[in-house]
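Novice: Please read through the structure below; I'll follow up with questions.
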Amino acid sequence: MTRLILGFALFLALYTSCQTRAQQAQQDQELPRFGVETEVVRVPISVVGEDGQLYTELTRDNFRVKEQGALQEIVSFAGGESPLTIVLLLEYSRIVTYIRSEVLRPAGLFISQILKPEDYASIVAFDTSPEVLVDFTRNRQELMSAVNSLLYSVPAFSDSSLFDAVVFTVAGGKIEDIEYKGLGEVEGRTAVLLVATGLNTFSRHTYDEARRAVANSGVPIYSIGVGELAFIRAEPYLSGLQRLSFLQAQNQLRTFAQESGGRFYSVRFAGALGGVLDSIAKMMRFQYMIGYRPPKGGKGGEKREIEVEVDIDGDGAPDNDQLDLSYRRYYVIPK
């Protein structure tokens, strides 16, 4: 236990000491440009009632979508259960050395208990950079083998490039001369299961760039924040700056989830993980996908706000104040 506490405290200290170097590197990089589909803006949305009930049988008529406050015509709508195409995005740097079972256990349970034969899944692990361990496959044995190989190995690098990994997953990129398409270009019901501390020690992309990539992809991210229990145990050994760094890390995971139409979960106790994964699986499978054509005009770099109204009882008035909605909140017009 002492080793766990001191180890986690050590890597939080490492994180805070790396901030100046990371910020300088971000300033030295050319800002990337992220495209957004011009034909149709996809808006994934989950509808949950005050009692936790997930609404799974709504129709197009139950929804209204607005951009910049102006009502838009819904040109495509999909609901009901359908197969998933999902990326399991796992942090695997030395920051998680002492809690790597907490990182890998959600992935293992998701593969063994949640994935269905018709689902496609890929595993991407990241430290200083993202690495595709398993490309999209329906072979659960291959996926589990990759998770087990991480469980019985030791992370090689101390840096955690969370922002780079998120951008790579949703927007694509190149690794060792192999070009990968981002999940945002994949048709059908897509999602990212992100299991991480939320700490970012060194990335080429900034936090704002990662947020923009997430917003423009239309891919919901379901974030599981790990290491909170270790943080609680290590808290007496941490400085005020280290505590602030952890809170910032949690907020980054929460923001990626909320702005993409996914959900954020912070797992304090191992016993809660089953319920969390069950909730994530239901939202992924029964998420509605609304599509509308964006209005013409607008300037490059302009942020376009999206609002969805849900009328559950069909009386013509939105019931948003009685619902817990998760949906894509905006996109940015490419320059």
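Novice: I'd like to check something: does segment 114-137 contain any residue that is in contact with a Lys or Arg (Cβ under 6 Å, 6 or more places away or on another chain), within 24 Å of residue 256 (Cα to Cα) and of a type in the set (Gly, Ala, Ser)?
Specialist: So far as segment 114-137 goes, no, none of its residues is in contact with a Lys or Arg (Cβ under 6 Å, 6 or more places away or on another chain), within 24 Å of residue 256 (Cα to Cα) and of a type in the set (Gly, Ala, Ser).
Novice: Let me ask something additional. Do we find a residue being assigned by TED's automatic domain parsing to the domain that holds residue 192, under 20 Å from residue 267 (Cβ atoms), more than 17 Å from the chain's Cα centre (by Cα) and without any contact (Cβ under 8 Å) to a residue 60 or more places away in the chain anywhere in segment 115-124?
Specialist: yes
Novice: Would you confirm whether any residue within segment 305-320 is part of a helix (DSSP H, G or I) and acidic (Asp, Glu)? Lay out the reasoning, then the answer.
Specialist: Just the residues of segment 305-320 that are part of a helix (DSSP H, G or I), to begin with: 320.
Then keep just the ones that are acidic (Asp, Glu); that gives none.
No, because not a single residue in segment 305-320 is part of a helix (DSSP H, G or I) and acidic (Asp, Glu).
Novice: Here is a follow-up. Filter segment 251-290 down to residues that are aromatic (Phe, Trp, Tyr) and not in a helix (DSSP H, G or I) and give me whichever is nearest to residue 328 (Cα to Cα).
Specialist: Among those that are aromatic (Phe, Trp, Tyr) and not in a helix (DSSP H, G or I), it is 288.
Novice: Of all residues in segment 199-220, count the ones that are assigned to a helix (DSSP H, G or I) and among the small types (Gly, Ala, Ser).
Specialist: From segment 199-220, those assigned to a helix (DSSP H, G or I) are 207-217; that's our starting set.
Okay, now just the ones that are also among the small types (Gly, Ala, Ser), so 210, 213, 215, 217.
The number of residues fulfilling the criteria is 4.
Novice: Counting residues that are surrounded by fewer than 19 Cβ atoms within 10 Å (Cβ to Cβ), which helices (runs of 4 or more DSSP H) fully inside segment 83-198 reach at least 3?
Specialist: Once the helices (runs of 4 or more DSSP H) in segment 83-198 are filtered for at least 3 residues that are surrounded by fewer than 19 Cβ atoms within 10 Å (Cβ to Cβ), what remains is 100-109, 140-151.
Novice: With respect to the numbered conditions (1) among the acidic types (Asp, Glu); (2) part of a helix (DSSP H, G or I); (3) without any contact (Cβ under 8 Å) to a residue 60 or more places away in the chain, which one is the sole condition not fulfilled by residue 51?
Specialist: Here residue 51 clears every test but (2).
Novice: Which ones in segment 62-82 are in contact with a strand residue (DSSP E or B) (Cβ under 7 Å, 6 or more places away or on another chain) and either part of a strand (DSSP E or B) or β-branched (Val, Ile, Thr) (or both)?
Specialist: 63, 64, 65, 66, 67, 71, 72, 74, 75, 76, 77, 78
Novice: I want to confirm something. Restricting to segment 63-119 and keeping residues that are of a type in the set (Ser, Thr, Tyr) and within 30 Å of residue 39 (Cβ to Cβ), which single residue is modelled with the lowest pLDDT?
Specialist: If we take residues in segment 63-119 being of a type in the set (Ser, Thr, Tyr) and within 30 Å of residue 39 (Cβ to Cβ), then 82 is modelled with the lowest pLDDT.
Novice: Hey, another quick one. Determine whether segment 232-250 contains at least one residue that is part of a loop (DSSP other than H, G, I, E, B) and modelled with pLDDT under 90. Before the answer, list the steps.
Specialist: We begin by selecting, within segment 232-250, every residue part of a loop (DSSP other than H, G, I, E, B); these are 238-239.
With modelled with pLDDT under 90 added as a condition, the list becomes 238-239.
Yes.
Novice: Where the second residue is of a type outside the set (Phe, Trp, Tyr) and part of a loop (DSSP other than H, G, I, E, B) and the first is free of Cβ contacts under 8 Å to residues at least 24 places away in the same chain and exposed (fewer than 11 other Cβ atoms within 10 Å of the Cβ) and lies in segment 302-319, which pairs have Cβ atoms under 8 Å and are six or more apart or on separate chains?
Specialist: The qualifying pairs are 313/319; 317/311.
The values are calculated or read from the model by the stated rules, or taken from the named source; none is laboratory data. Please read all numbers here as calculations on a predicted model, not as lab measurements. Reconstructed Cβ throughout: ideal geometry from the backbone, glycine too, with neighbour counts over all protein chains shown.
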